[in-house]
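A.B. asks: My structure is below; once you've seen it, I'll send some questions.
The values are calculated or read from the model by the stated rules, or taken from the named source; none is laboratory data. Because the structure is predicted, anything quoted here is derived from the model rather than measured. Cβ placement follows ideal geometry from the backbone for every residue including glycine, while neighbour counts extend to all protein chains displayed.
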Amino acid sequence: MPSSRIAPDKLLLTLIAYVVLGCIAFITVFPFLVLVINSFASEHAIINYGYSIVPRELSVSAYELVFLNPQKILQAYGVTVFITCFGTAASLFLSSMAAYSLSRRDLRYRNKLAFFIYFTTLFNGGLAPTYIVITSVLHLKNTLAVLVLGPMFSVFYILILRNFFMHSIPGSLSEAAKIDGAGDFTIFLRIVLPLTAPALASIGLFTALAYWNDWWTAMLYVERQSLMPLQYVLYKILSSVTMAANIVNNVATLNLPKESLKLAMTVISIGPIVLAYPFVQRFFIKGITLGSVKG
Amino acid sequence: MRRQGLIRELGKNRTLYLMFVPVCLYFVLFSYLPIGGIVLAFKEFNYRDGILGSPWNHFKNFEFFFKSGKAWSVTTNTFLYNLMFLALYTFFSVLTAILISEMKGKRFKKTAQSFMFLPYFISWVVAASFLYNLANYEYGMINRLLLWLGQKPINVYATPRYWYFILPFAYIWKWIGFGTVLYLAAIVGIDQECFEAATIDGANEFQKVFRITLPMLRPTMAVLVLLGLGRILRGEFDMFYQLIGNNGILIEKTDIIDTLVFRSLLGTQDFGMATAAGFYQSVLCFAIIMIVNRVVKALESDYALF
């Protein structure tokens with residue numbers, strides 16, 4: 001068979017693959033295009049011609065409006081960046097520490113303890129008791145702490161880390177370190193963490209994403225504007241013009257270019273994620289594969 | 001004797017147990033305390049008396065939840081939507097994973113996969129604004145297109161039936177990249193010799209997909225579908241709440257248990273009903289996941305949850 005000729009079945013399958021994947025990829029990315037393009041359209045064009053792929057009148061006035069009085073946006077950014085950085089670091093450190101002790105075969109109650117946290121995924125109190133406990137027992141309403149603590153730990157990630165430690169850290173390594181006089185915490189800090197850095201990076205990025213996108217904790221527990229994270233502020237802007245006007249310190253709600261302002265705000269809120277995406281994507285893919293390979 | 005063993009174990013592995021304490025404490029406070037809070041389902045809660053001091057009202061909260069007919073309608077909604085999501089999600093994830101694995105052009109493949117995975121990274125808040133850009137009545141792109149074609153614009157935010165299409169579509173849009181990665185990992189794990197042997201035996205590409213790839217994916221699919229069934233009464237709250245919000249016209253067709261609980265809690269402040277409905281959901285979910293775990297254990301014991 002001459003090598004230049006492609007079998008018809010192969011050709012057909014490749015053709016189907018290109019068409020189907022092309023369509024799906026287009027559909028998934030299309031809303032992003034609409035968003036970015038129209039955020040540069042003038043309010044007048046949106047009101048008169050609607051959203052379109054080719055804007056009739058280019059304008060950056062919505063962005064100008066946001067950057068004219070950026071204090072509140074910057075504040076929301078600050079809250080989000082803080083809870084994302086601090087929360088992820090704390091969550092990753094404490095999760096892996098717990099996961100390490102659960103992974104040690106010489107810990108007699110490790111399975112009981114693992115089940116103790118696993119049980120919370122099988123049965124929970126539901127939203128209402130959680131809400132009441134957090135507000136009236138723990139008194140965490142309107143605190144930065146609740147934004148950090150709310151999405152902090154995932155049983156799933158802790159158990160993935162435990163499995164990972166069990167399979168990728170040879171038990172003999174810990175024993176050797178122990179004979180040399182290292183304590184369990186030192187072993188964890190000096191040996192286990194450096195050896196498993198790539199897996200930790202994946203789990204850390206999933207955690208960071210959860211923090212960045214969390215609007216839910218703020219919606220339930222935060223009323224003070226200075227504590228509102230970016231996603232929640234965005235939600236408020238999208239759902240009320242008054243809030244949008246408030247954020248850009250503009251009293252004249254009537255003249256506010258509300259449609260293009262919404263778009264510009266959305267672009268500003270997803271900007272960092274979309275920019276970081278090409279560099280972090282592979283860690284997420286690795287993370288998903290890590291989770292699906294159960295040990 | 002036994003007690004001494006416990007103390008000795010705690011003493012010997014003191015550091016390891018201490019290392020578990022922060023996480024343990026977290027789950028005690030944020031998961032086990034609320035489980036105790038379920039007593040509120042049988043009480044009439046007020047802030048002054050707190051969880052323990054509030055007066056009992058026995059089964060009144062449940063009575064209200066079931067007699068209003070809400071229990072039945074939100075349960076069926078939750079169940080049917082999730083079933084539809086699960087079926088479509090599995091179908092499209094497997095389809096795209098297979099097509100990506102069959103594709104030779106590396107750059108196209110990579111780009112397509114990156115695009116598909118992108119929605120996973122944004123919140124439902126942003127996704128809701130995407131939907132608004134496309135579908136809102138006045139300026140939305142779809143309606144402008146319909147007008148341009150000489151058709152009447154459609155008002156999706158006032159017409160429940162469109163949501164039977166929009167919600168699954170949005171769900172697939174958000175999750176397809178994630179599912180593709182999962183199934184692609186399973187496909188990569190298939191022994192390449194199977195395909196080579198089939199080629200030598202004269203199998204064409206389609207036969208290889210249907211006779212090798214799909215059967216080899218079946219265990220992964222079975223487990224993932226079963227796990228999905230285990231969560232069938234846990235609604236996708238973020239999506240429903242962000243895309244629909246408190247839209248009164250759509251509520252009957254799109255209200256799920258989670259949105260009902262949320263509205264009772266923050267809207268009408270009916271803590272008793274919210275707790276009762278949440279408890280009802282938790283119990284059903286628990287029962288379902290027990291059954292699912294049994295089934296997984298029987299089929300693929302390696303993948304059993306516990």
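A.B. asks: Out of B:Arg218, B:Arg211, which single residue is surrounded by fewer than 17 Cβ atoms within 10 Å (Cβ to Cβ), modelled with pLDDT under 90 and out of contact with any Leu (no Cβ under 7 Å at 6 or more places or on another chain)?
C.D. replies: Details: B:Arg211 fails: modelled with pLDDT under 90.
After ruling out the rest, the residue left standing is B:Arg218.
A.B. asks: Taking the options A:Leu127, A:Leu102, name whichever one is under 26 Å from B:Phe237 (Cα atoms), surrounded by 17 or more Cβ atoms within 10 Å (Cβ to Cβ), out of contact with any Pro (no Cβ under 8 Å at 6 or more places or on another chain) and within 11 Å of chain B (Cβ to nearest Cβ). Step through it out loud before you land on a result.
C.D. replies: Numbers: A:Leu102 fails: under 26 Å from B:Phe237 (Cα atoms).
Of A:Leu127, A:Leu102, the one residue that is under 26 Å from B:Phe237 (Cα atoms), surrounded by 17 or more Cβ atoms within 10 Å (Cβ to Cβ), out of contact with any Pro (no Cβ under 8 Å at 6 or more places or on another chain) and within 11 Å of chain B (Cβ to nearest Cβ) is A:Leu127.
A.B. asks: Could we say that B:Ala276 is surrounded by 20 or more Cβ atoms within 10 Å (Cβ to Cβ), within 12 Å of another protein chain (Cβ to nearest Cβ), at pLDDT 90 or above and in a helix (DSSP H, G or I) here? Talk me through it step by step, then tell me what you get.
C.D. replies: On the way: surrounded by 20 or more Cβ atoms within 10 Å (Cβ to Cβ): yes; within 12 Å of another protein chain (Cβ to nearest Cβ): yes; at pLDDT 90 or above: yes; in a helix (DSSP H, G or I): yes.
Yes: the conditions hold for B:Ala276.
A.B. asks: Sort out which residues of the stretch B:196-205 are within 35 Å of the chain's Cα centre (by Cα) and at pLDDT 90 or above, and write them in order of number.
C.D. replies: Of all residues in the stretch B:196-205, those within 35 Å of the chain's Cα centre (by Cα) come to B:205.
Those that are within 35 Å of the chain's Cα centre (by Cα) and at pLDDT 90 or above: none in the stretch B:196-205.
A.B. asks: In the stretch B:58-92, how many residues are surrounded by 15 or more Cβ atoms within 10 Å (Cβ to Cβ), polar (S, T, N, Q), over 17 Å from B:Gly179 (Cβ atoms) and out of contact with any Gly (no Cβ under 6 Å at 6 or more places or on another chain)?
C.D. replies: Residues flagged as surrounded by 15 or more Cβ atoms within 10 Å (Cβ to Cβ), polar (S, T, N, Q), over 17 Å from B:Gly179 (Cβ atoms) and out of contact with any Gly (no Cβ under 6 Å at 6 or more places or on another chain) within the stretch B:58-92 amount to 3.
A.B. asks: Still on this structure: Condition test on B:Thr75, is it assigned to a helix (DSSP H, G or I), within 24 Å of the chain's Cα centre (by Cα) and under 24 Å from B:Ile212 (Cβ atoms)?
C.D. replies: Working: assigned to a helix (DSSP H, G or I): yes; within 24 Å of the chain's Cα centre (by Cα): yes; under 24 Å from B:Ile212 (Cβ atoms): no.
Spelling it out, it is not the case that B:Thr75 is assigned to a helix (DSSP H, G or I), within 24 Å of the chain's Cα centre (by Cα) and under 24 Å from B:Ile212 (Cβ atoms).
A.B. asks: Same structure again: Identify the single condition in (1) closer than 28 Å to A:Ile270 by Cβ; (2) touching a residue at least 40 places away in the same chain (Cβ under 8 Å) that B:Thr75 does not satisfy, given that it satisfies every other one.
C.D. replies: Only one criterion in (1) closer than 28 Å to A:Ile270 by Cβ; (2) touching a residue at least 40 places away in the same chain (Cβ under 8 Å) is unmet by B:Thr75, namely (1).
A.B. asks: Another question, if that's okay. So is B:Val261 surrounded by 17 or more Cβ atoms within 10 Å (Cβ to Cβ), assigned to a helix (DSSP H, G or I), touching a Gly at 6+ places or on another chain (Cβ under 6 Å) and within 10 Å of chain A (Cβ to nearest Cβ) or not? Let's see the steps before the verdict.
C.D. replies: On the way: surrounded by 17 or more Cβ atoms within 10 Å (Cβ to Cβ): yes; assigned to a helix (DSSP H, G or I): yes; touching a Gly at 6+ places or on another chain (Cβ under 6 Å): yes; within 10 Å of chain A (Cβ to nearest Cβ): yes.
When the stated conditions are applied, B:Val261 passes them.
A.B. asks: Same structure, new question: Scan B:Phe85, B:Phe42 and give me the residue that is touching a Phe, Trp or Tyr at 6+ places or on another chain (Cβ under 7 Å), more than 10 Å from chain A (Cβ to nearest Cβ) and modelled with pLDDT of 95 or more. First the steps, then the outcome.
C.D. replies: On the way: B:Phe42 fails: modelled with pLDDT of 95 or more.
The conditions single out B:Phe85.
A.B. asks: Now, a different point. Just checking, how many residues over the stretch B:229-258 are facing chain A (nearest Cβ under 10 Å), touching a residue at least 60 places away in the same chain (Cβ under 8 Å) and of a type in the set (A, V, I, L, M, F, W, C)?
C.D. replies: 1
A.B. asks: In addition: Quick one: is A:Ala90 surrounded by 15 or more Cβ atoms within 10 Å (Cβ to Cβ), among the hydrophobic types (A, V, I, L, M, F, W, C) and either within 14 Å of another protein chain (Cβ to nearest Cβ) or under 30 Å from B:Met19 (Cα atoms) (or both)? Step through it out loud before you land on a result.
C.D. replies: On the way: surrounded by 15 or more Cβ atoms within 10 Å (Cβ to Cβ): yes; among the hydrophobic types (A, V, I, L, M, F, W, C): yes; either within 14 Å of another protein chain (Cβ to nearest Cβ) or under 30 Å from B:Met19 (Cα atoms) (or both): yes.
It is true that A:Ala90 is surrounded by 15 or more Cβ atoms within 10 Å (Cβ to Cβ), among the hydrophobic types (A, V, I, L, M, F, W, C) and either within 14 Å of another protein chain (Cβ to nearest Cβ) or under 30 Å from B:Met19 (Cα atoms) (or both).
A.B. asks: From (1) more than 11 Å from chain B (Cβ to nearest Cβ); (2) over 21 Å from B:Phe121 (Cβ atoms), pick out the condition that doesn't hold for A:Thr14.
C.D. replies: Unmet condition: (1).
A.B. asks: Pick from B:Leu16, B:Leu80, B:Leu29, B:Leu40: which is without any contact (Cβ under 8 Å) to a residue 12 or more places away in the chain, over 27 Å from A:Ser103 (Cβ atoms) and in a helix (DSSP H, G or I)? Before you say what the answer is, go through the steps one by one.
C.D. replies: Values: B:Leu16 fails: over 27 Å from A:Ser103 (Cβ atoms); B:Leu29 fails: over 27 Å from A:Ser103 (Cβ atoms); B:Leu40 fails: without any contact (Cβ under 8 Å) to a residue 12 or more places away in the chain.
It is B:Leu80.
A.B. asks: Tell me whether the stretch B:93-109 contains one or more residues that are in contact (Cβ under 8 Å) with a residue 40 or more places away in the chain, at the interface with chain A (Cβ under 7 Å from one of its Cβ atoms) and either loosely packed, with under 15 Cβ neighbours inside 10 Å or hydrophobic (A, V, I, L, M, F, W, C) (or both). Can you show your working first?
C.D. replies: Here is the first cut: in the stretch B:93-109, the residues in contact (Cβ under 8 Å) with a residue 40 or more places away in the chain are B:93-94, B:96-98, B:100-102.
Adding the requirement that they be at the interface with chain A (Cβ under 7 Å from one of its Cβ atoms) leaves B:96, B:100, B:102.
Those left that are additionally either loosely packed, with under 15 Cβ neighbours inside 10 Å or hydrophobic (A, V, I, L, M, F, W, C) (or both): B:100.
Checking the stretch B:93-109: at least one residue is in contact (Cβ under 8 Å) with a residue 40 or more places away in the chain, at the interface with chain A (Cβ under 7 Å from one of its Cβ atoms) and either loosely packed, with under 15 Cβ neighbours inside 10 Å or hydrophobic (A, V, I, L, M, F, W, C) (or both).
A.B. asks: Of the numbered conditions (1) surrounded by fewer than 17 Cβ atoms within 10 Å (Cβ to Cβ); (2) at pLDDT below 85, A:Ser52 satisfies every one except a single condition; which is it?
C.D. replies: With respect to (1) surrounded by fewer than 17 Cβ atoms within 10 Å (Cβ to Cβ); (2) at pLDDT below 85, A:Ser52 is out only on (1).
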